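The values are calculated or read from the model by the stated rules, or taken from the named source; none is laboratory data. These numbers were taken from a predicted model, which means no experiment stands behind them. Neighbour counts are summed over all protein chains in view; Cβ atoms, including those assigned to glycine, are modelled from backbone coordinates with ideal geometry.
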Amino acid sequence: MNKIETRCLICSQSLNTMISWNTLLIKQFSPTICERCTSHFQRSNSSTALYQYNDPMKDFLHQFKFLQDVALAKVFRQELYTRFKKEKATIIPIPMHPLKQQERTFSHTEELLKAAHVPYIQLLEKTTTETQSSKNREQRIHAAPLFRLMTDVHVEHKDYLLFDDIKTTGTTLQHAADVLKQAGAKNVQYFTLIEG
Ligand SMILES: [Zn+2]
């Protein structure tokens, strides 16, 4: 048994995890948050998301995305690893506009996948810095395409899986799927960490 002194990434309480050989055989990663913080998140019943949106999740996203606490990408690494380890489709994280990424310093969707050791590729480019939440339904439906293909990339006639942190209206995922399908993708599904 190895005693590892670490602190919960959310509440900073000491984790004092006792890691046995058994844990290491079953789990790929050691936990980064305490059991109390874990219990505040609500698992999703949907096959396309891990969690439901609630207040603790809202706080998590705020800390991770807006306060740029990149270490929080590790919080869901075990669940994401388990979900994606047998995935046959090619995974594409929803990209941010380059200007926004510069401002945020990292791409949150890519960091979530990297932390979980999930391989992915990028074929898409965001065309607008506007957020979908600032628009009403009518404006979202008639909006110009949110994504375009990156230059010099090739979309194959195969299965792709889009990955985003949260699905609210589905407009973002729909726009991204449309671009890939028009470019020749056979099938485009999606999976998100959270459903709104
Ligand atoms: Zn905690």
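Structure summary
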read-out	value
Residue, nearest to Lys158 (Cα to Cα), within segment 51-93, restricted to residues that are assigned to a loop (DSSP other than H, G, I, E, B) and of a type in the set (A, V, I, L, M, F, W, C)	Ala89
Of all residues making up segment 43-60, the number that are within 15 Å of Ile10 (Cβ to Cβ), surrounded by fewer than 18 Cβ atoms within 10 Å (Cβ to Cβ) and out of contact with any helix residue (DSSP H, G or I) (no Cβ under 6 Å at 6 or more places or on another chain)	4
Index of the failed condition, Gln101 passing every other in (1) under 28 Å from Asn54 (Cα atoms); (2) not basic (Lys, Arg); (3) not in a helix (DSSP H, G or I)	(3)
Lys74 within 16 Å of the ligand (Cβ to nearest atom), of a type in the set (Lys, Arg) and in the same structural domain as Val155 (by TED's automatic domain parsing)	yes
Criterion violated by Lys135 - all others in (1) in contact with a strand residue (DSSP E or B) (Cβ under 9 Å, 6 or more places away or on another chain); (2) over 17 Å from Val70 (Cβ atoms) satisfied	(1)
Selection count, segment 16-32, where residues are within 21 Å of Ala73 (Cβ to Cβ), within 16 Å of the ligand (Cβ to nearest atom) and either assigned by TED's automatic domain parsing to the domain that holds Ala73 or at pLDDT below 85 (or both)	1
Scope segment 150-174; condition touching a helix residue (DSSP H, G or I) at 6+ places or on another chain (Cβ under 9 Å) and more than 11 Å from Thr90 (Cα to Cα); matching residues	Asp164, Asp165, Ile166, Lys167, Thr168, Thr169, Thr171, Thr172
Lone unmet requirement of (1) modelled with pLDDT of 95 or more; (2) closer than 17 Å to Lys167 by Cα for Ala115	(2)
